[in-house]
Amino acid sequence: MFKNFIGIDYSGAKNPISRLAQLQVYLSDGRDPPRKVEPLQKGKKNWCRQEVASYIRQILISQNETIIGIDHGLSFPYAYFVRNNLKNWHQMLRSFSEKWMTNAEYSTVDEARARVGSPGGSTEYRLTEKWTSGAKSVFHFDVQGSVAKSTHAGLPWINEMYGNKEITERTHFWPFDGFDVKPGKNVVAEIFPSSFRRRYEKKGRSSDEHDAFVVSAWLRDTCLSGNLKTYFKPLLSESEKRKVLLEGWILGVL
């Protein structure tokens, strides 16, 4: 189903051009175990968010049959859509990105929060978070294991990609473009490394390196076993599916 499997451990710290040890990218071509991908700028030790976005764009434009698992939320709880009168995911991405602008070079999530205000409560959960042990709300900031900063830092980059016709013609943003993925398409999906972390030996990797590794490894192994298609169709009622098309879903949760 796929030829390349990319795992990204994300971070919302500092600003988009800050190089962070927490940002890690691993890639497997399906034949070999995942390997660490070095930053695009030669000689740099760590990635920055701007560079990660550039790397993802290059992959999605130049390749087919690549799946990318990203460790941050790709959407918000249904209540956010209702409060802001948003009808679909792309409308939410545009609206959020225009207000928060966390992809601007020197912008930080903390500065945007102070300027814009709280987007929602820390106990507001998406359906997928209710179904996932240990997953926190995308609005739950400043606690260990939080994905709130990563989510609020990453969504404007997703908005840029979803507005790029070259990318959307070749890429399925799952599940927002539907639960069924057509053959030959690239896929971008949200993933939760904690679900698979213990399945793979750490072997000297840092925690962030290991999280990116296990995402790539799990995607590869599940695809090669023929089971990945199962995870694209979580067991949901029709009403739950309609909500998930707005809220998104963590790939790997059934």
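The values are calculated or read from the model by the stated rules, or taken from the named source; none is laboratory data. Here the structure is a predicted model, which is why all the values come from computation and not from measurement. Note that we place each Cβ from the backbone using ideal geometry, even for glycine, and neighbour counts take in every protein chain shown. Accessible surface is based on the protein model in full, side chains and every heavy atom, while ligands, DNA and RNA are left aside. Shrake-Rupley method; radii C 1.70, N 1.55, O 1.52, S 1.80 Å.
For segment 75-90, filtered to residues that are closer than 17 Å to Gly178 by Cβ and assigned to a helix (DSSP H, G or I), the residue that is most open to solvent (accessible area, probe 1.4 Å) is His90. When segment 14-62 is filtered for residues that are under 24 Å from Arg170 (Cα atoms) and charged (D, E, K, R), the ones remaining, listed by number, are Asp29, Arg31, Arg49, Glu51, Arg57. In segment 140-156, which residues are modelled with pLDDT under 95 and open to solvent by less than 20 Å² (accessible area, probe 1.4 Å)? Answer for segment 140-156, where residues must be modelled with pLDDT under 95 and open to solvent by less than 20 Å² (accessible area, probe 1.4 Å): there is none.
Just one of the numbered conditions (1) under 17 Å from Val147 (Cα atoms); (2) touching a Ser or Thr at 6+ places or on another chain (Cβ under 8 Å); (3) surrounded by 15 or more Cβ atoms within 10 Å (Cβ to Cβ); (4) of a type outside the set (A, V, I, L, M) is not true of Phe96: (2).
Out of all the residues in segment 35-46, is one or more open to solvent by 30 Å² or more (accessible area, probe 1.4 Å), closer than 24 Å to Phe176 by Cβ and either assigned to a loop (DSSP other than H, G, I, E, B) or of a type outside the set (Ser, Thr, Tyr) (or both)? Within segment 35-46, none of the residues are open to solvent by 30 Å² or more (accessible area, probe 1.4 Å), closer than 24 Å to Phe176 by Cβ and either assigned to a loop (DSSP other than H, G, I, E, B) or of a type outside the set (Ser, Thr, Tyr) (or both). Among the residues of segment 104-118, those identified as more than 21 Å from the chain's Cα centre (by Cα) and either among the hydrophobic types (A, V, I, L, M, F, W, C) or open to solvent by less than 90 Å² (accessible area, probe 1.4 Å) (or both) are Ala114, Val116, Gly117. When segment 123-139 is filtered for residues that are open to solvent by 50 Å² or more (accessible area, probe 1.4 Å) and part of a loop (DSSP other than H, G, I, E, B), the ones remaining, listed by number, are Thr123, Tyr125, Trp131, Ser133, Gly134, Lys136. Taking the numbered list (1) open to solvent by 60 Å² or more (accessible area, probe 1.4 Å); (2) of a type in the set (D, E, K, R); (3) within 16 Å of the chain's Cα centre (by Cα) in turn, Arg242 passes all entries but (3).
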